[in-house]
Amino acid sequence: MRLLNCDSVTSSRKANKTTHLPLLLANIGQLLTLQSSSGRPGPRRGSDLKELGVIEGGAVLCLGGKIVSVGKTKDALRDPWVKTKRKKILEIDCAGQVVLPGFVDSHTHPVFMSPRLVDFEKRIEGASYEEIAAAGGGIRSSLEGVRKAGKRDLAEKVLALLREMADLGTTTVEAKSGYGLTLESEMKSLEAIRDAASHWPGTVVPTLLGAHVVPGEFREHPEKYVEIVCREMIPRAAKRKLARFVDVFCDHGAFNAEQTEKIFQAAVENGLNVRGHMCQLTETVLKPFLRFEPASFDHMDHVNDADIAELARRDTIATLVPGANYFLGLKEYPPARSFIDAGVPVALATDYNPGTSPTLSMPMAMSLACTQMKMSPAEAIAAATINGAWALRVAERKGSIEAGKDADLTLFAVDDHREIPYWFGGSHCGLTVLNGVVWRNLKRGGFVGDRDPAPRG
Ligand SMILES: [Zn+2]
């Protein structure tokens, strides 16, 4: 059996050189295919969000990094091709456990050097997000470390995070720059994402977040900074193919609606798609941004009813990041039920970042979605997989287990899929397959013991 769990940039080069053996995951207790039962195209919304397409006693056959067939184990083992090739197939007996699509974490900020421990303590003592930012904490306090850091150091940090995400079942990650906020350090951050991604078998979707906040040196002249984002950062990132999306933090203390439109316009003119941090701290009217066809609006704590009705008619995803509400100690969470009941497609993401959501765990985000936002376990799973893929515009190849899609799967050492958000604060992820490469969390050691999937190849 081929196992990968690499220890450094150098050794993880192996990951990309791995030739894909045919891979058969068999004897799956609950195989959550996330195939649409309604057949309706587009992201999952309303009652479709809880359709997981469960196959009991399931099997998945993968070849060349792609899924080639999905069905029952008994049928897979009778397949003439499988019968003749069986000795050459890497077969994993899943021992009745749960297999689902690898998580798509569609919102992360992994390029930074240090945790923000002073902010953490200040907040515990009662300081607000805005007060911490005004005192020199917050996003601006991460800038110095990134500006001074070498690209290789940043890439090593990002790669370590990607490996940990694979341990937790995540196979596709959106990764933003945004802690450099100069042309040079934003490009360096995107290069670090690219370099780390090239050593990881999963899929990374890079986003330029030069418009995270206005850096201190432009405090008196924010328009000048917006010009740098529009005329220097976006064209450079587009030309060098370092980003697929441009993101803006549109809120009180960051960028206003007019500045956001300007930045979105520059993105579209340079052939990049847009997404936005919206309505986290205060309400923003979203309708003017829809002409840019944003892939996703993220956070969405304070959204007006007219915009909810409008979003229900669109494919723009409302990406909810309850980890931020949890870590900020907020009592209020984004109104997931209002979105779902109105027909707005929702995704879940970690918002991994050093200030407000230092978690890489999609199951933790899902647990918070269930307990704090009243999403059902099934809705949380769909929001963390297929709708995350929609939020990154990769749904044609990610987010569900269907023939022809990328072989991105994760196995949880549980009997029932509802246990994934139920057991919070730990990990039951036993094995992850990223573009056909089998990745096993060796750190788990004997913890799962006899629940480990048994390799038979
Ligand atoms: Zn964010």
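The values are calculated or read from the model by the stated rules, or taken from the named source; none is laboratory data. Being a predicted model, the structure only gives us computed values, none of them experimental. Every residue, glycine among them, receives a Cβ derived from its backbone with ideal geometry; neighbour counts consider all protein chains shown. Surface areas here come from the heavy atoms of the whole protein model, side chains and all, with no ligands, DNA or RNA. Shrake-Rupley method; radii C 1.70, N 1.55, O 1.52, S 1.80 Å.
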Rounded to whole angstroms and listed largest first, the alpha-carbon spread of region 238-339 along its three principal axes comes to 43, 30, 21
Just to check I understand the Karplus step: with θ = phi - 60° and J = 6.51 cos²θ - 1.76 cosθ + 1.60, what whole-Hz values come out for region 52-67, glycine and proline as x? 9, x, 7, 10, 8, x, x, 8, 10, 10, 10, 8, x, x, 10, 7
Relative contact order of the chain, pairs being alpha-carbon contacts under 8 Å that are 6 or more residues apart, as %: 23
Write out the GluC sites (Glu not before Pro) in region 323-398 meeting two conditions: DSSP loop, and at most 14 other Cβ atoms within 10 Å of their Cβ. Glu332, Glu396
Using every alpha carbon pair in region 68-178, what percent of pairs falls into each 10 Å bin from 0 up to the bin containing the largest distance? 11, 26, 24, 16, 12, 10, 3
How many percent of the accessible area of region 252-313 is carbon or sulfur, using a 1.4 Å probe? 46
Starting at 0 and stepping by 10 Å, how many percent of the alpha carbon pairs of the chain end up in each bin? 4, 22, 32, 26, 12, 3, 0, 0
If every Lys and Arg gets +1 and every Asp and Glu gets -1 at its Cβ, then about the Cα centre region 158-245 yields a dipole, in debye to the nearest 20, of 320
Which residues qualify? For Ser296, with a placed amide H closer than 5 Å and at least 5 residues away or on another chain, they are Gly276, Ile317
Dipole of region 116-186, positive end: most advanced residue of Leu159, Gly126, Ile139 [Cβ charges, Cα centre]: Leu159
For region 299-452, averaging the sequence separation of alpha carbon pairs under 8 Å that lie six or more residues apart and dividing by its residue count, the contact order in percent is 17
222 nm [θ] for the chain, helices only, -39500 (n - 2.57) per DSSP H run of 4+, per residue, to 500? -8500 deg cm²/dmol
Amide H neighbours of Val205 under 5 Å, at least 5 residues apart or on other chains, H built in the peptide plane: list them. Val173, Glu174, Ala175
Sorted by average packing, counted as other Cβ atoms within 10 angstrom per residue and highest first, what order do 46-56, 233-243, 92-102 take? 92-102, 233-243, 46-56
For region 431-439, what does the Karplus curve 6.51 cos²θ - 1.76 cosθ + 1.60, with θ = phi - 60°, yield as ³J(HN,Hα) per residue in whole Hz, taken in order and with x for Gly and Pro? 6, 10, 10, 10, 6, x, 8, 7, 10
Dipole of the chain, positive end: most advanced residue of Thr432, Ser185, Met113 [Cβ charges, Cα centre]: Thr432
Net charge (Lys, Arg +1; Asp, Glu -1) of residues whose beta-carbon lies under 15 Å from that of Glu220, Glu220 excluded, is 0
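Nothing charged except the Cβ atoms of Lys and Arg (+1) and of Asp and Glu (-1): what's the magnitude of the dipole of region 249-389 about its Cα centre? Round to the nearest 20 debye.
The calculation lands at about 220 debye.
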Quick one: putting +1 on the C-beta of Lys and Arg, -1 on the C-beta of Asp and Glu, what dipole do you get for the chain around its Cα centre, in Debye to the nearest 20? 2060
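Could you sort 313-323, 68-78, 383-393 so that the peptide with the highest average Cβ count within 10 Å comes first and the rest follow in order? It would help to have the intermediate numbers written out before the result.
Details: 313-323: 25.5, 68-78: 16.3, 383-393: 28.9.
In decreasing order of mean packing, 313-323, 68-78, 383-393 become 383-393, 313-323, 68-78.
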The percentage of the accessible area of region 47-130 (probe 1.4 Å, all protein chains present) made up of carbon and sulfur atoms, to the nearest whole number, is 57
Karplus couplings for region 391-400 from phi (6.51 cos²θ - 1.76 cosθ + 1.60, θ = phi - 60°), rounded to Hz, Gly and Pro as x? 5, 9, 6, 10, 5, 5, 10, 10, x, 8
Amide H of His417 versus every other amide H placed in the peptide plane: which residues, excluding those fewer than 5 positions away on the same chain, fall under 5 Å? none
Kirkwood-Stokes translational diffusion coefficient of region 45-94, alpha-carbon pairs, 4 °C, 1.567 mPa s, µm²/s: 103
Accessible area expressed per residue, the chain, with surrounding protein chains retained (probe 1.4 Å, Å²): 39
Which percent of the accessible area of region 333-451 is formed by carbon and sulfur heavy atoms (probe 1.4 angstrom)? 56
Along the charge dipole of the chain, Cβ charges K/R +1 and D/E -1, which of Cys230, Thr410, Leu209 sits furthest on the positive end? Thr410
For region 225-316, what's the relative contact order in percent, using C-alpha pairs closer than 8 Å and at least 6 residues apart? 25
